[in-house]
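Participant: Next up is a structure, given as structure tokens.
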């Protein structure tokens, strides 16, 4: 163990003082001068610069160790500027370079590392600097230059763990950050190196995805011959095996994965009927684009959904996949589809499924989209600003309540009260009275209303994220306690004819949203509903509508463009600006999430109507 000279000297007075007799110090007065015999020995004088730079460096190190890179950088910067000749200056530049990289000052970080590199450095330190310079170039978006510095770092790295870590970063760049042209350049610049081999492998994969089978085979054969000793060779072998078995996907073959057995079968069949209607499956003389539909049962199982994706791609050579429907199966299928590079349009409400990758799309009105549309209409069109919430303590009620509060606060609305109830509750009097400041007690009835109740209603609208059957119980109880003259707000779970039959006049004027309205006056929707009734002798729901649109969207992309590969199909879906579907206007953002405009619905004189 060692201590710096400045630190030892600075401790001497403290040690001496701890041994000296302690005199009583009067308040607000200077302490008396001690006798000469008791004076603290004078420390050995050293240049102020030496102790000051050590102090700055130690302070920077402490902040650095705590992850406070912004303040640590100030200490290291002060040391460099004030004491450029300090033996600690070069180390301070190194630490400052790290700090700047951590806070996004990539150019400044690079400049400092360039100053440090000419000095005598160990291979480990030099390799670390090269890696950090690579990260800075990645931060600047110059991934090809980042590749160059990662390569330099790996060339001098001595530890196997460090080499593996660097290689992971190199492969990440080549997998996701370099264009086809940049991969070709890397193949040439780093020829006969592992990087050239991996670049060639990536070029083979891209050529395959774009439908250029011959070029893909030519490239992969080279990798197979020249780079068998590389750690990524198992990936190459797996791709080679797949390449031997597969060919270009069939242009007009679409797969679907739905729960067609078990307790979720009823939902899967609804979606399947929508898909079948879109391809005119029951019209033998249909003259449009012929589509072969390959159907797989997910059995509501993630493993079955994953296996279905593999079979659809490997054996059936589908161009795209529609489904699954459930949240848990959609995630498993989407992950495998992304790995295999096949476009998949899921039908789940799960908010984050499209974030899995660029081959994953979603055609479903999400809960957050419902809430945004509902709040927007209530505040912008109805000029409502004060809101209360009455919600069930279940997953659906809690989730929708959080979304509603977040959106309301974002828009500047005010929340005047929040009450919750048990999922099996039938009497909501206690929660209603709390919302409007009423006390328990008896009261006289007159005309079905409790005349003795004088509620204090401080809100314009009441949001109830529950299903239509519960609303049929709550709405009359609100009127019973004289909570009238407000707008009831709800979600797609309200959109049922039973809402009116159960809630009666008490739900008149309520407002809710949905992704489909079968009684819409839009000609496209009217034609869809009529066609569905004639085919299946029942009315379609949002499940049929969303599945119908997913297939119709695939057909539109295949009709309008020359599509011969999965990548081209994916790009075609991404280019759809506005798709006028029966489940509303739809387009996809950069992550494959749907931009959907839901239907705004209300009840007028006992009839659910669309607000144009």
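Residue-by-condition table, conditions (1) closer than 30 Å to residue 235 by Cα; (2) assigned to a helix (DSSP H, G or I):
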{"position": "85", "(1), (2)": "no, no"}
{"position": "96", "(1), (2)": "no, yes"}
{"position": "107", "(1), (2)": "no, yes"}
{"position": "152", "(1), (2)": "yes, yes"}
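Participant: Looking at the stretch 353-372, which of the residues that are touching a helix residue (DSSP H, G or I) at 6+ places or on another chain (Cβ under 7 Å) and in a helix (DSSP H, G or I) is surrounded by the fewest Cβ atoms within 10 Å (Cβ to Cβ)?
Facilitator: 368
Participant: So, in the stretch 591-612, of the ones that are closer than 30 Å to residue 210 by Cα and either surrounded by 15 or more Cβ atoms within 10 Å (Cβ to Cβ) or touching a helix residue (DSSP H, G or I) at 6+ places or on another chain (Cβ under 8 Å) (or both), which residue ends up modelled with the highest pLDDT? So that I can check it myself, show each step before the final result.
Facilitator: Of the stretch 591-612, the ones closer than 30 Å to residue 210 by Cα are 591-596.
Filter again for either surrounded by 15 or more Cβ atoms within 10 Å (Cβ to Cβ) or touching a helix residue (DSSP H, G or I) at 6+ places or on another chain (Cβ under 8 Å) (or both), leaving 591-594, 596.
Working: 591: 78, 592: 77, 593: 78, 594: 79, 596: 85.
Checked the stretch 591-612; the qualifying residue modelled with the highest pLDDT is 596.
Participant: Another question, if that's okay. Among (1) over 33 Å from the mean Cα position of the chain (by Cα); (2) crowded, with 18+ Cβ neighbours inside 10 Å, which single condition is residue 521 missing?
Facilitator: (2)
Participant: Report, by residue number, each residue of the stretch 419-433 that is surrounded by fewer than 17 Cβ atoms within 10 Å (Cβ to Cβ) and under 13 Å from residue 463 (Cα atoms).
Facilitator: Here is the first cut: in the stretch 419-433, the ones surrounded by fewer than 17 Cβ atoms within 10 Å (Cβ to Cβ) are 419-420, 422-427, 429-430.
419, 420 - these are the residues of the stretch 419-433 that are surrounded by fewer than 17 Cβ atoms within 10 Å (Cβ to Cβ) and under 13 Å from residue 463 (Cα atoms).
The values are calculated or read from the model by the stated rules, or taken from the named source; none is laboratory data. This structure is a prediction, so every number in the text was calculated from the model and none was measured. FYI the Cβ positions are ideal-geometry reconstructions off the backbone, even for glycines, and counts take in every protein chain you see.
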